[in-house]
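Heads up: the structure comes next, in structure tokens.
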Amino acid sequence: MRRLILIAIPYVWLLALFLIPFVIVVKISLSDTALARPPYFPQWDWSLGWAGIKDFFAELDFENFWFLTTDDLYWKAYLSSLRIALISTLMTLLVGFPIAYGMARAPEHWRPTLMMLVILPFWTSFLIRVYSWMGILSQNGLLNALLLGIGVIDEPLIILNTDTAVYIGIVYTYLPFMILPIYAALEKLDGSLLEAAEDLGCSRLSAFWLVTVPLSKQGVIAGCFLVFIPAIGEFVIPSLLGGSETLMIGKVLYEEFFSNRDWPVASAVAVILLLILIIPIVLFQRNQQKQAEAEG
């Protein structure tokens, strides 16, 4: 009974916070838009019971999903979100790996302090941190003031309201999610393996590429997934730091829900986004399972 309860807890959590909301979103995506509250006409009437279910499947249509293929805005938003998420993930990896490597090679008594510094930004509101970047990246912000003060530039750079600002915001926000799994993998690295590689004729750089990088692969994969999955549906960062030309599916979702009040189309957009994210989520789950089996 205890084992059944332990197994049931995550499944009940998944059912309540994922599957049921997902079914509701799918139901709305198959509804018709209406000038009402809520702004859609449900095709499935729960009160009719089995008769309502039969009527729903008899009149089932995917008009809202088909509409997404007729407007360039949606598929461009998906492609743009994939591009921004991929580039941001790569940039986060390039920044996060050296930090994680330095933390793993630091003296052991310094590691808790370095870990605290990595997670310290989470003690501040996410929204406040993004707003602070607006002040840093604006034309009259701290970054331009610094560059002008030391003579690197002659006129302020236009960074805010561009894709560059979005990349900076995503990398800054999700950097801990990249550092922590890589650090966890590197911390377990046996230093004698590097010594053995150097004794066999490898230089330090060769030993790093042949020993350290392969053994940190699981942490790199986990970190990339932890950054890519939330970044592809990001809304706050592109809305505050990106300009009007910064197109991401999170912004489209918000506009469809709250500006256009077209809940059926917005739900169809959300369903497709979730289906796209299922692939990296499944791959991430398999990677975690393989890592657990390897450690076991």
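None of the figures in this text is laboratory data; all of them are computed from the coordinates on show. It should be emphasised that the depicted structure is a prediction, and the values quoted were computed from it without experimental measurement. Cβ atoms come from the backbone with ideal geometry, glycine included; neighbour counts cover every protein chain shown.
Numbers at a glance
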| read-out | value |
| --- | --- |
| Entirely in the stretch 173-250, the helices (runs of 4 or more DSSP H) that have 1 or more residues that are at positive phi and in contact with a Ser or Thr (Cβ under 9 Å, 6 or more places away or on another chain) | none |
| Residue under evaluation residue 281, criteria (1) surrounded by fewer than 15 Cβ atoms within 10 Å (Cβ to Cβ); (2) without any contact (Cβ under 8 Å) to a residue 12 or more places away in the chain; (3) under 30 Å from residue 63 (Cβ atoms), criterion not met | (2) |
| Selection status of residue 243, under 12 Å from the mean Cα position of the chain (by Cα) and either within 21 Å of residue 267 (Cα to Cα) or in contact (Cβ under 8 Å) with a residue 12 or more places away in the chain (or both) | no |
| Scope the stretch 96-128; condition touching a residue at least 40 places away in the same chain (Cβ under 8 Å) and surrounded by 15 or more Cβ atoms within 10 Å (Cβ to Cβ); matching residues | 96, 97, 99, 100, 101, 103, 104, 111, 115, 118 |
| Verdict on residue 144 being surrounded by 12 or more Cβ atoms within 10 Å (Cβ to Cβ) and farther than 30 Å from residue 186 by Cβ | yes |
| Residue within the stretch 179-191 that is touching a Phe, Trp or Tyr at 6+ places or on another chain (Cβ under 9 Å) and of a type in the set (Val, Ile, Thr) present | yes |
